[in-house]
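Comments concern the structure below.
Values in this text are rule-based calculations from the coordinates and carry no lab data. A quick note: this is a predicted structure, and the numbers were derived from the prediction, not measured. Ideal geometry is used to build each Cβ from the backbone, glycine not excepted, and the neighbour counts take in all protein chains shown.
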Amino acid sequence: MKIHPWLKEFPRFETERLVLRRVTVEDAVDILDHYSQEAVTHFLDIESIHTRAEAEQIIGFFERGYQEGRWIRWGIEFKQTGHLIGTAGFNNWELHRGFYGEIGFDLSSEYWGQGIMIEALEPLIQFGFEEIGLNRIEALVMLHAEQAMNVLEKLGFIPEGIRREYGFWKGRYWDELCYSLLRREWKARRGG
């Protein structure tokens, strides 16, 4: 696999209210608090967690994906508190045939409805198009995850259709709605 410049040093982004950064073992308490919330894990392919060891496993999972160049996940730090309040990143990508990637995100429920996820995703989308070299960014959303759908639509993503029984977790198959954003659409929205 080709080593990309962004794999040599973990990219860090700062917005008005947020710092998007590498998740480390020092964040285990915040990760435990975040992924123990049923409201957060309800629409994710993981169960709620209950121990620090489980939080450290998630952090290790994020780190392995980054080290192997297979995915990248940022912790979303709220500047006002210095705590992680969610995560976002690319779950996978294809850089040889289609130049597309899948973005995913989650946010602690007490921060919903404040525009935080839109603020967090904007630099990640830019990174995907400009640094990774993607032409298309996808997002798969469980049906009825209306807040996630609203975030994507505000960012210019277009719903393409339902992938029937596309995912399997929590003991069953799930339909997922596929959204996409093309580089040319993103550039046009930015006036470029």
Sorted on mean Cβ neighbours within 10 Å (highest first), peptides 21-28, 167-174, 132-139 come out as 132-139, 21-28, 167-174
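Could you tell me whether the range 24-67 comes out rounded, prolate or oblate from its Cα gyration tensor? Rule is a ≥ b ≥ c as square roots of the eigenvalues, rounded for a/c under 1.5, then prolate if a/b exceeds b/c, otherwise oblate.
Judged from the Cα gyration tensor, the range 24-67 comes out oblate (a/c at least 1.5, b/c at or above a/b).
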Of Thr41, Thr81, Thr15, the most mobile residue in a GNM of the chain (C-alpha springs, cutoff 10 Å) is Thr81
Output for the range 63-101: GluC sites (Glu not before Pro) sitting in coil per DSSP, at most 14 other Cβ within 10 Å, listed by number, reads Glu68
Check: C-alpha center the range 121-140 vs C-alpha center the range 1-80, spacing in Å is 18
Summed over the other residues with a beta carbon less than 13 angstrom from that of Ile46, with K and R at +1 and D and E at -1, the charge totals -3
Summing +1 per Lys or Arg and -1 per Asp or Glu among the other residues with Cβ less than 13 Å from Thr15's Cβ gives -1
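Could you work out how much longer the chain between Leu95 and Glu131 gets when fully extended? Use 0.36 nm per residue separation minus the Cα distance between them, nm to one decimal. Each step should come with its number before you reach the end.
Numbers: separation 36, 0.36 × 36 = 12.96 nm, distance 1.18 nm.
Difference between extended and current length: 11.8 nm.
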Val25 neighbourhood, Cβ < 10 Å, K/R = +1, D/E = -1, net charge -3
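How would you classify the chain from its alpha-carbon gyration tensor, with a ≥ b ≥ c the square roots of the eigenvalues: rounded for a/c under 1.5, else prolate if a/b is greater than b/c, otherwise oblate? The partial results should precede the final answer.
Numbers: a/c = 1.32, a/b = 1.15, b/c = 1.15.
Because its axes are fairly even, with a/c under 1.5, the chain counts as rounded.
Hey, what number do you get for the chain at 222 nm if only DSSP H runs of n ≥ 4 count, each worth -39500 (n - 2.57), divided across all residues, to the nearest 500? Could you put the intermediate results ahead of the total?
Values: 7 runs with 60 residues, N = 192.
Mean residue ellipticity, 222 nm, calculated: -8500 deg cm²/dmol.
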Restricted to the range 12-189, the DSSP antiparallel beta bridge percent, nearest 5, is 90
Under the 7 Å Cα-to-Cβ spin-label approximation, Glu14 and Glu47 lie apart by a distance in nanometres of 4.1
